[in-house]
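Read through the structure below, which is laid out as structure tokens, and then see the notes.
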């Protein structure tokens with residue numbers, strides 16, 4: 001990009017003398033190689049007229065495939081007037097703080113998180129089915145200098161600067177992750193579910209297929225699930241809320257959570273957060289081995305404590321949901337006693353528990369008890385978790 005010495009002087013004066021020393025120095029380092037002596041010894045000029053001409057037309061910002069137009073009226077708001085300390089005369093300059101504030105307001109829509117590759121486990125090896133992609137983050141200081149330059153050069157457009165970030169999991173890295181064997185499998189049956197419930201189960205289940213967790217990484221069901229609404233493809237069913245019959249999206253997603261929970265238990269993963277349903281639900285038999293979720297309220301969380309990477313694979317076989325966990329065996333053996341139901345009432349209320357036993361590779365053993373308390377199933381429609 002070719003920039004005139006007049007523009008360089010104007011930008012440096014605006015940014016450095018105008019109160020944004022840091023941005024001025026960045027611009028200086030980018031654009032002034034070989035011109036330092038000219039800039040250092042050029043006398044300052046009145047910039048008000050120059051700036052007035054510079055903001056008379058719109059400016060287009062290019063951020064990858066996105067294009068954003070800054071109207072002339074907004075550019076004019078970036079010009080601020082001040083009194084020179086050394087001469088007492090009035091002059092104008094571009095407000096670096098307004099440029100920075102503007103770019104920071106764009107950042108949430110322009111920044112992109114890197115996406116890890118997703119894999120399925122077939123014939124003893126992981127195969128990619130979703131490729132990885134780079135992430136990017138707007139470089140505010142450099143983009144500020146580029147934007148100021150474009151304004152004062154009367155350029156019709158400017159491309160912003162971004163820093164790139166590589167994903168943690170790529171096709172090239174998968175062979176080094178040590179994912180070799182099935183550690184455990186969870187399953188459940190959706191039985192005679194409605195068509196809407198089955199539809200939601202299929203969408204929710206797909207979000208967890210091919211997920212890879214690094215050693216020590218925490219799994220959050222709600223974080224991976226994301227929003228549950230119509231625009232994400234979910235269908236609604238009728239529920240009672242606040243005494244009124246309303247449509248709620250996502251019925252059936254608790255079955256996905258239950259299936260993943262069962263896979264995590266049988267793989268020996270460390271459970272950090274799990275809540276049973278408020279009353280027995282037929283889809284989650286045997287009772288006492290379920291997990292309920294609700295976005296921003298109730299979550300399912302566990303830690304990959306295997307010491308190596310794990311791959312979660314989800315699929316449907318007939319009416320059965322499967323959640324398989326693949327990784328490297330650490331020598332631990334997982335067994336489960338239960339679930340056992342007790343304190344059962346004629347109303348259907350009950351309690352239940354199961355015990356997970358871990359025989360460690362060093363010869364020690366560990367037992368964990370998971371408890372569930374269920375109220376009586378409702379006799380009449382009432383407010384309940386619509387994701388069941």
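Given a Förster distance of 22 Å, report the FRET efficiency between residue 230 and residue 303 from their Cβ-Cβ distance, rounded to the nearest 0.05. Please list the in-between numbers first.
Numbers: r = 33 Å, r/R0 = 1.52.
Efficiency at R0 = 22 Å is approximately 0.10.
Where does each of 94, 169 land when they are ranked from fewest to most other beta-carbon atoms within 10 angstrom?
Values: 94 27, 169 24.
With the fewest neighbours first, 94, 169 line up as 169, 94.
Work out, step by step, the length gained on full extension between residue 49 and residue 86: first 0.36 nm times the residue separation, then minus their alpha carbon distance; give nm to one decimal. Could you put the intermediate results ahead of the total?
Working: separation 37, 0.36 × 37 = 13.32 nm, distance 1.99 nm.
My answer for the length gained is 11.3 nm.
Expressed as a rounded percentage, what relative contact order does the stretch 248-388 have, with Cα pairs under 8 Å and six or more residues apart? Could you put the intermediate results ahead of the total?
Values: 273 pairs, mean separation 38.3, N = 141.
It comes to 27 percent, rounded to a whole number.
Express in whole angstrom the spacing between the alpha-carbon centres of the stretch 199-221 and the stretch 46-117.
Between the Cα centre of the stretch 199-221 and that of the stretch 46-117, the gap is 42 Å.
Taking 0.36 nm per intervening residue step and subtracting the Cα-Cα distance, what contour gain separates residue 273 from residue 74 on full extension?
Details: separation 199, 0.36 × 199 = 71.64 nm, distance 4.87 nm.
Here the answer is 66.8 nm.
Output needed: percent of Cα pairs per 5 Å distance bin for the stretch 177-374, bins running from 0 to the one holding the longest distance.
Bin by bin from 0 Å, the calculated values are 1, 7, 15, 19, 20, 16, 11, 6, 3, 1, 0, 0.
Ranking request for peptides 255-265, 177-187: highest mean number of other beta-carbon atoms within 10 Å first, then the rest in descending order. Please report the intermediate quantities before stating the final value.
Numbers: 255-265: 26.8, 177-187: 17.6.
Top of the packing list down: 255-265, 177-187.
In nm, to one decimal, how far is the residue 154 label point from the residue 317 one, both placed 7 Å along Cα→Cβ?
7.2 nm
Hey, with R₀ at 41 Å, roughly what FRET efficiency would residue 333 and residue 247 work out to, going by the Cβ-Cβ distance, to 0.05? Write down the numbers at each step before the final one.
Details: r = 47 Å, r/R0 = 1.14.
It comes to 0.30.
Only counting other Cβ atoms within 10 Å, I'd like 166, 80 sorted with the fewest neighbours first. Numbers along the way, then the final one.
On the way: 166 12, 80 16.
Starting with the residue having the fewest Cβ neighbours, the order is 166, 80.
If we count other beta carbons within 10 Å of each Cβ, what is the order of 82, 342, 283, 374, fewest first?
With the sparsest Cβ surroundings first, the list reads 342, 82, 283, 374.
Would you please state which residues of the stretch 80-111 a label at residue 57 would reach in this model, taking the label point 7 Å out along Cα→Cβ and a backbone N cut-off of under 11 Å?
Inside the label zone: nothing.
Only the coordinates and a few stated rules stand behind these numbers; no lab work does. If you're wondering where the values come from, they're calculated on a predicted model, not measured in any experiment. So basically every Cβ, Gly included, is an ideal-geometry build from the backbone, and we count neighbours across all protein chains shown.
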